[in-house]
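Novice: Dropping the structure in here first, questions after.
The values are calculated or read from the model by the stated rules, or taken from the named source; none is laboratory data. This one's a predicted model, so the numbers in the text were calculated from it and none came from an experiment. In this analysis, Cβ positions are derived from the backbone assuming ideal geometry, glycine residues included, and neighbour counts consider all displayed protein chains. Only protein heavy atoms, including side chains, enter the accessible area calculation; ligands, DNA and RNA are left aside. Shrake-Rupley method; radii C 1.70, N 1.55, O 1.52, S 1.80 Å.
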Amino acid sequence: MDLRKFRVGTLNVNTLRGRLCEVVETLSRRKIDVCCLQETRYRGGNCRLVKGKDTRYKIYLSGNDKGTAGVGVCVAEQWIEKVFEVQRVSDRIILVKLIVGQHVVTFLSVYAPQCGLSDGVKDQCFDQLRAVTARIPASDLLIPCGDWNGHVGRAGTGYSEVHGGMGFGRPDPDVAGERILEYALAYDLILGNTWFRKRESHLITYKSGKAATQIDFIMYRRSMRRMVQDVKVIPGEEVALQHQLLVCDMKIAEPGIEKRKFSPRLRVWKLKDPSVSDRFQEIFNSHVSASPGGTNTEDIWAVLKTSLLKTTEEVCGKTRPHLWRRETWWWSEDVEKAVSAKRQAFKEWKRGKGTKSAYHAAKRTARRVVHRARHAADKEIYDNIDSKSSQVYRLANQMRRENVDVAGEKPVRNDTGEMALSEDSKQKAWQEHYE
């Protein structure tokens, strides 16, 4: 049994519109397996496969009709097929379950109501959260994380069971913080980023002007403490200006994966070509005539079998091992330079060596470069497609398969056995995939 490093993250992105690919690039660069996102501001609930620099993430979204709030969960490519359940509870709570090794891991992305909203809205959100948590089996590895919009205090006075005493901010929790701590206490959860001694820059999860607080938390069950190696903030990521990226590193037991050995196969599909088929027949006849004849059934079959295999290998050949290369998409050198320049301008602005206007100029430039690169890549792929051919339907069906919650779900078929996909749904799938 091997121990596999698994990294969970949470980030309030303020909005995903126009920056989804940059978020994926950040998660890939920070080697995050699953990341909970808050304040996505996407309407409705769907999922999509997002291509970043050199990897892919699948994002599961849950929003409302107004395009406010919204939560999501990003899952790295190697875990997409391990997802087996998705529950969109509301525009502030989404649940995703996946299998890691021999464990079922349940992620809850939570965006608690901010201080300006009424107590009724806050109570409703936490009532929904408690109802969902109560239905999760005790055998699951439960990880609720997100933007909780409450201060639990530096010491967590009165809640030593769930608070590690190494938080940030005021000594005692406020009203919203007590609600968070009571929820954790009720379900035997601990606040991970209060149990590790860190410098202030690795504790602060929210900065706005001179204000600095700790309102984002990653929780996990007390029984998981031996798995968790570290919980910390990664400061300086410009993809979200106010909130900081919070990560949790853990090690989960995973059975070793036996590497499949390559075994060559005869390329018999080449016989569909009439010229290859004619050549096959000619060489096969020559091999049979050159072989010694047999008197019984076993001898005759041995001659035919040997001649068939020998002729097929000579005419069609065998498959060769595939040389796997890292797949790349529209993320070109120009995009890399523009995004790196934006990141550098952000760091210089925060250190006082640059200006805010220089950062915003680099940000606008990067956004234009990203848009042009994606547009050019899509144009190259789809310019030569005949709109009346069956290739359009195959692409639409492929997009639909990519945008289902659970890998392997069979789409609905009509009475003739064809995909039950209307023109409206094809257009919707196309737009969702390339928005």
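Novice: Being touching a residue at least 60 places away in the same chain (Cβ under 8 Å) and open to solvent by less than 60 Å² (accessible area, probe 1.4 Å), is that true of even one residue in region 118-139? Lay out the reasoning, then the answer.
Specialist: Restricting attention to region 118-139, the residues satisfying the condition of being touching a residue at least 60 places away in the same chain (Cβ under 8 Å) are none.
So far as region 118-139 goes, no, none of its residues is touching a residue at least 60 places away in the same chain (Cβ under 8 Å) and open to solvent by less than 60 Å² (accessible area, probe 1.4 Å).
Novice: Between Thr365, Thr319, which is modelled with pLDDT of 75 or more, closer than 30 Å to Leu266 by Cα and among the hydroxyl-bearing types (Ser, Thr, Tyr)? It would help to see each step written out before you state the result.
Specialist: Working: Thr365 fails: closer than 30 Å to Leu266 by Cα.
Criteria check complete, one pass: Thr319.
Novice: Also, I was wondering about something else. When both residues are 6+ apart or on different chains and their Cβ atoms are under 6 Å apart, which pairs have a first residue that lies in region 195-208 and is closer than 12 Å to Ala240 by Cα, and a second that is open to solvent by less than 60 Å² (accessible area, probe 1.4 Å) and part of a strand (DSSP E or B)?
Specialist: Thr205/Asp216; Thr205/Val233; Thr205/Leu246; Tyr206/Thr213; Tyr206/His243
Novice: Out of Ser277, Ser208, I need the residue that is open to solvent by less than 60 Å² (accessible area, probe 1.4 Å), touching a helix residue (DSSP H, G or I) at 6+ places or on another chain (Cβ under 6 Å) and at negative phi. Which one? Give the derivation first.
Specialist: On the way: Ser208 fails: touching a helix residue (DSSP H, G or I) at 6+ places or on another chain (Cβ under 6 Å).
Result of the check over Ser277, Ser208: Ser277.
Novice: Limited to region 146-163, what total is found for residues that are part of a loop (DSSP other than H, G, I, E, B) and either at positive phi or in contact with a strand residue (DSSP E or B) (Cβ under 7 Å, 6 or more places away or on another chain) (or both)?
Specialist: The first filter runs over region 146-163 and keeps only residues part of a loop (DSSP other than H, G, I, E, B), leaving 148-163.
If we keep only those that are either at positive phi or in contact with a strand residue (DSSP E or B) (Cβ under 7 Å, 6 or more places away or on another chain) (or both) as well, we get 148-149, 151-153, 156, 158, 162-163.
Count: 9.
Novice: Shifting gears a bit: When Glu254 is evaluated against the numbered criteria (1) within 22 Å of Leu142 (Cα to Cα); (2) at pLDDT 90 or above, which criterion, by number, is the only one it fails?
Specialist: (2)
Novice: Within region 68-104, restricting attention to residues that are in contact (Cβ under 8 Å) with a residue 60 or more places away in the chain, part of a strand (DSSP E or B) and hydrophobic (A, V, I, L, M, F, W, C), which residue is surrounded by the fewest Cβ atoms within 10 Å (Cβ to Cβ)?
Specialist: Filtering region 68-104 for residues that are in contact (Cβ under 8 Å) with a residue 60 or more places away in the chain, part of a strand (DSSP E or B) and hydrophobic (A, V, I, L, M, F, W, C), the one surrounded by the fewest Cβ atoms within 10 Å (Cβ to Cβ) comes out as Phe84.
Novice: Where the second residue is of a type in the set (Val, Ile, Thr) and not in a loop (DSSP other than H, G, I, E, B) and the first is in contact (Cβ under 8 Å) with a residue 40 or more places away in the chain and lies in region 294-318, which pairs have Cβ atoms under 9 Å and are six or more apart or on separate chains?
Specialist: Listed by first residue and then by second, the contacts come to Thr312/Val268; Val315/Val276; Val315/Ile283; Cys316/Val268; Cys316/Val276.
Novice: To continue, here is another question. In the set Lys232, Lys207, which member is in contact with a strand residue (DSSP E or B) (Cβ under 7 Å, 6 or more places away or on another chain) and not in a loop (DSSP other than H, G, I, E, B)? It would help to see each step written out before you state the result.
Specialist: Working: Lys207 fails: in contact with a strand residue (DSSP E or B) (Cβ under 7 Å, 6 or more places away or on another chain).
The unique qualifying residue is Lys232.
Novice: Continuing with the same structure: How about region 1-20: which of its residues are open to solvent by 10 Å² or more (accessible area, probe 1.4 Å) and either among the β-branched types (Val, Ile, Thr) or in a helix (DSSP H, G or I) (or both)?
Specialist: Thr15, Leu20
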